[in-house]
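Rule-based calculations on the coordinates, nothing more; no lab input. Remember, predicted model here, so these are calculated numbers, not experimental data. Note: ideal-geometry Cβ built from the backbone for every residue, glycine included; neighbour counts use all protein chains shown.
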Amino acid sequence: MPIVVRIDVELAKRKMSVGEFAERVGLTPANVAVLKNGRAKAVRFSTLEAMCRVLGCQPGDLLEWVEDEHAEPLAVQAAHR
């Protein structure tokens, strides 16, 4: 998936456990694990806001877009239509 979730990096910087983070954000540890492991299909803005508030960071610190080497560029996809 081209969106990489970097929660683990931000937690490590702050020496914060997943359990403490989950409690402060209002998520279950299982849902934090889903986010951390890249299995989430979506994140609500209210959840993203809470995560940023708890960690004192910006959304870009938690989410990163990386090129998917198997995906065709959008210009190529548009030309095929």
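Computed values, structure above
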| item | result |
| --- | --- |
| Computed label-point distance, nm, for sites Arg53 and Lys13 using a 7 Å Cα→Cβ extension | 2.0 |
| Residue-averaged [θ]222 nm for the chain, counting only DSSP H segments that reach four residues, each worth -39500 (n - 2.57) | -14500 deg cm²/dmol |
| Cα-based Kirkwood hydrodynamic radius, the chain, one decimal, Å | 13.9 |
| Most mobile of Arg14, Arg44, Arg24 in a GNM of the chain (Cα contacts under 10 Å) | Arg44 |
| Estimated distance in nm for a label pair at Phe45 and Glu64, the labels positioned 7 Å out from Cα along Cα-to-Cβ | 2.6 |
